[in-house]
Amino acid sequence: MLGLPMHPSLSDQRFLAIRSLIVELAAGLDRTERHAAAGGVLEADPRWRLLAEAVERLTRPGHRVDDIQQLFSDAYEPGWRKDGGPRLAGSPNCCGQ
Amino acid sequence: MNYVDPHIHMVSRVTDDYETLARMGCVAVSEPAFWAGFDRRSADGFRDYFRQITEVEPKRAAGYGIAHYSWLCINAKEAEDVKLARDVIAAIPEFLGASNVLGIGEIGLNKNTRNEATVFLEQVELAVQHDETILIHTPHLADKLRGTRMILDMLADFPRLDRGRVVIDHVEEHTIRHALDAGYWAGMTLYPVTKCSPERACDMVERYGSERLLVNSAGDWGPSRPVAVPDFIVAMRARGHAESLIETIVLGNPLALFQRCRRYVPPPRLSARG
Ligand SMILES: [Zn+2]
């Protein structure tokens, strides 16, 4: 594993960078609400609920980025080829089949 | 620092970009065949494109002391038309003898459709038959995880495939481990909004090490930064990482991959170092 550069505490530079991202995020969410049509259209949008879930997960320590990337991903079906999905179309002997 | 951008679409960039890359220390670029922003209507359209990336771009790059390599294929987006895709696949061997060709790419999936998967498999087979290295595009955003897993499932059909000659590109935090654990190269694409940032690429280096890891810009006709690899170099330095580690990722690794192609000739600027 790599020898990581160690920082004894949260540096000012990193604090300001993350602070700026969080302020941008907060303003972006406020802006979306402010511009949204009345009648609960925004609340009914599954993408808005997805964003809300992602923001909630930011508060959980650990691998936040992995967790949030998973949240934003379509599910993988291990058996996706069972129902006649694509098979090798060409010569059966080329790849040690 | 000398570096290589192993995934950039120079056909979409102006000549000034070659000059900027040269000033930044770029010694070589590799250009996978991709979707040019519009659907081409015939295999002959692709023949002209293949001439552009095997004849025209190498000359344009050489004007700035940059070696230009390329990869040939029909991309996943246009592969939805299977008939056209098969005509293009039949034309690819005409160009495999070009001296700058590194292999077959960027094949892959876009929307994870059955047609895309069919054409992907046929192009992997083409690469295996011709003993070519492979560069693989993985889908964007919500499709990425599923598409990457589907690609790895399909590659498992080829037990004799040398995993050390295959790149799974555009990996992010949720897909990198799948590619590396299976023995493939993993490419991190530094691209605004839809892919990875320089800081997140540094994070992945810290978490997964430098082995079989590549960094590229995927600079193309969309909003993108052709100097994204230098951005990564600067971000790694700012964190205090060793120059030798950075150089391994941006120079040693891509050249080690390229060397797996039998036609590979080193970039002239490196040969001239003596
Ligand atoms: Zn690309």
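Checking segment B:32-54 against the condition returns no match, with no residue being of a type outside the set (A, V, I, L, M, F, W, C), within 22 Å of residue B:100 (Cα to Cα), away from the ligand (no atom under 16 Å from the Cβ) and in contact (Cβ under 8 Å) with a residue 60 or more places away in the chain.
Scan segment B:1-26 for residues that are touching a residue at least 12 places away in the same chain (Cβ under 8 Å), in a helix (DSSP H, G or I), surrounded by fewer than 18 Cβ atoms within 10 Å (Cβ to Cβ) and more than 16 Å from the ligand (Cβ to nearest atom) and the total you get is 5. Does residue B:184 meet the test of being closer than 18 Å to residue B:109 by Cβ, more than 16 Å from the ligand (Cβ to nearest atom) and either under 15 Å from the mean Cα position of the chain (by Cα) or among the hydroxyl-bearing types (Ser, Thr, Tyr) (or both)? Answer is yes for this residue. Scanning segment B:134-157 for residues that are more than 21 Å from residue A:71 (Cα to Cα) and either touching an Asp or Glu at 6+ places or on another chain (Cβ under 8 Å) or within 16 Å of the ligand (Cβ to nearest atom) (or both) yields B:134, B:135, B:136, B:137. Sub-8 Å Cβ pairs linking a first residue in segment A:48-68 that is under 20 Å from residue B:204 (Cβ atoms) and facing chain B (nearest Cβ under 10 Å) to a second residue that is among the aliphatic types (A, V, I, L, M) and assigned to a loop (DSSP other than H, G, I, E, B), at least 6 apart or interchain, are A:64/A:58; A:68/A:58, ordered by first then second residue.
Can you tell me which residues in segment B:14-31 are touching a helix residue (DSSP H, G or I) at 6+ places or on another chain (Cβ under 9 Å) and under 26 Å from residue B:47 (Cα atoms)? Correct list: B:15, B:17, B:18, B:28, B:29, B:30, B:31. Of B:171, B:167, all but one fail to be modelled with pLDDT of 95 or more and in contact with a Phe, Trp or Tyr (Cβ under 9 Å, 6 or more places away or on another chain); the exception is B:167.
The values are calculated or read from the model by the stated rules, or taken from the named source; none is laboratory data. Quick caveat: nothing in here was measured; it's all calculated off a predicted structure. Glycine also receives a Cβ, built like all others from the backbone with ideal geometry; neighbour counts cover every protein chain displayed.
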